[in-house]
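S.K.: This is the structure, below, for whatever I ask next.
The values are calculated or read from the model by the stated rules, or taken from the named source; none is laboratory data. What you see is a predicted model, and the numbers here were worked out from it, not measured in a lab. Cβ coordinates were reconstructed from backbone atoms using ideal geometry, including for glycine residues, and neighbour counts include every protein chain displayed. Ligands, DNA and RNA are excluded from the accessible area calculation, which covers all protein heavy atoms including side chains. Shrake-Rupley method; radii C 1.70, N 1.55, O 1.52, S 1.80 Å.
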Amino acid sequence: MTDVRVRAAPAADVAAWRALRLEGIARHPEAFILTQDEARDIPLKTDAHRLGHGDRFLAFQGDRPVGLAGANRTAIPRGDHRAEIGPFYVRADARGAGVADHLMAAIIDWAQERGVWQLELYVNRDNARAITFYLRHGFVHAGEIPNAIRGANGLETDAIMVRTTAPE
């Protein structure tokens, strides 16, 4: 097993970030909100600007980027204790090496450092592997959104999952 390193992705990582996101969408369109075309249509400078916020993470095995994760903090002051996780992707050949665990740890650390004590996510309810992973990391089912998106195979229902820690 190769050592896994995770770090916040600066704007300079935009090419690696974009390549991983597009790969993830191509291989698992049901796990992403954006389509390939929608992701490609985002101007590179917009992606680079977003990376500059410090809430996007890349995982590496050696020098090779193998995973990504993002957190989206609620913008309104009364909701700034919350953040939504997404996107989240690990290359198939890097799965089972702890990459996803390291990415989740980075997001949790990011959240705790900023006073975010509720993490939320939406996951296709048919994605048993992802749901098992999130349950293992302390998330609980909070409900479902029927017809959440029009996916490649028709309407999809998303599970809502939440991880709450005591506010500080």
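S.K.: Quick one: give the max-minus-min coordinate of the C-alpha atoms of the chain along each principal axis, largest first, in Å.
M.R.: 41, 37, 35 Å, listed from the longest principal axis down.
S.K.: How far, in nm, would the chain grow between E144 and Q36 when pulled straight, counting 0.36 nm per residue and subtracting the alpha carbon separation? Write out the running numbers ahead of the final one.
M.R.: Numbers: separation 108, 0.36 × 108 = 38.88 nm, distance 2.51 nm.
This chain segment gains 36.4 nm when fully extended.
S.K.: Write down the radius of gyration of the range 45-123 and its Dmax, each obtained from C-alpha positions, in Å.
M.R.: For the range 45-123, the Cα-based Rg and Dmax read 13.1, 41 Å.
S.K.: If the chain between L135 and V162 were fully stretched, how many nm would it gain, using 0.36 nm times the residue separation less the Cα-Cα distance?
M.R.: Numbers: separation 27, 0.36 × 27 = 9.72 nm, distance 0.94 nm.
Taking L135 through V162 to full extension adds about 8.8 nm, to one decimal.
S.K.: Going by amide H atoms built from the backbone, whose H comes under 5 Å of the H on E84, apart from near neighbours?
M.R.: N72, R73, T74, E120
S.K.: Given the options G67, G138, G86, state which has the largest fluctuation in a GNM of the chain using a 10 Å cut-off (strictly under) for Cα springs.
M.R.: Sorting by GNM fluctuation, first place goes to G138.
S.K.: With +1 on each Lys and Arg Cβ and -1 on each Asp and Glu Cβ, and nothing else charged, work out how big the dipole of the range 75-116 is about its Cα centre, in Debye to the nearest 20.
M.R.: Here the size comes out at about 120 debye.
S.K.: Quick one: putting +1 on the C-beta of Lys and Arg, -1 on the C-beta of Asp and Glu, what dipole do you get for the range 1-131 around its Cα centre, in Debye to the nearest 20?
M.R.: It works out to roughly 80 debye.
S.K.: Loop-only check: which GluC sites (Glu not before Pro) in the range 51-143 are DSSP coil with at most 16 other Cβ within 10 angstrom?
M.R.: Working: sites: E84, E113, E120; in loops: none.
Passing sites in the range 51-143 do not exist.
S.K.: So how exposed is D3, as accessible area in Å² (1.4 Å probe, rounded to 10)?
M.R.: Surface accessible to solvent at D3 totals approximately 130 Å².
S.K.: At 7 Å along the Cα-to-beta-carbon direction for both N153 and A15, put a label point, then send me their distance in nm to one decimal.
M.R.: That separation, rounded to one decimal, is 3.6 nm.
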